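Read the structure below first, then the notes.
Every read-out reported here was derived from the displayed coordinates using simple, explicitly stated rules and does not represent laboratory data. None of these values were measured; they are calculated from a predicted model. Note: ideal-geometry Cβ built from the backbone for every residue, glycine included; neighbour counts use all protein chains shown.
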Amino acid sequence: MTCPLFHAFVSTQYLARLIAWISLIFHVFHDFHDVMPGHDLTGTLKAPWVLLIFVLPLRGCLLYLRSFSAVTCTFDKSA
């Protein structure tokens, strides 16, 4: 006996996991690209960020976003 509703649910879960992985990979490369060209961090401070982002991708990206979101999200209110 096959259950098409179950197979649709499982397929949706696989699609959601694939989208989550693609999003995680995008965030890893975006954070890496954001850390490297900056002149506000020295090489000794960039190395731990890169290791954290590549070794623990989800935690590293979330920690990076939490640490630098106030610096990168400044808006000009005079316009």
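Considering the Cα trace of region 4-72, what is its radius of gyration and what is Dmax, both in angstroms?
When restricted to the Cα atoms of region 4-72, Rg and Dmax are 16.2, 56 Å.
So, by mean Cβ neighbours within 10 angstrom, what's the order for 24-34, 42-52, 3-13 with the highest one leading?
Highest mean packing first, the order is 24-34, 42-52, 3-13.
Taking the Cβ-Cβ separation of H33 and Q13 as r and a Förster radius of 30 Å, what is the calculated FRET efficiency to the nearest 0.05?
0.45
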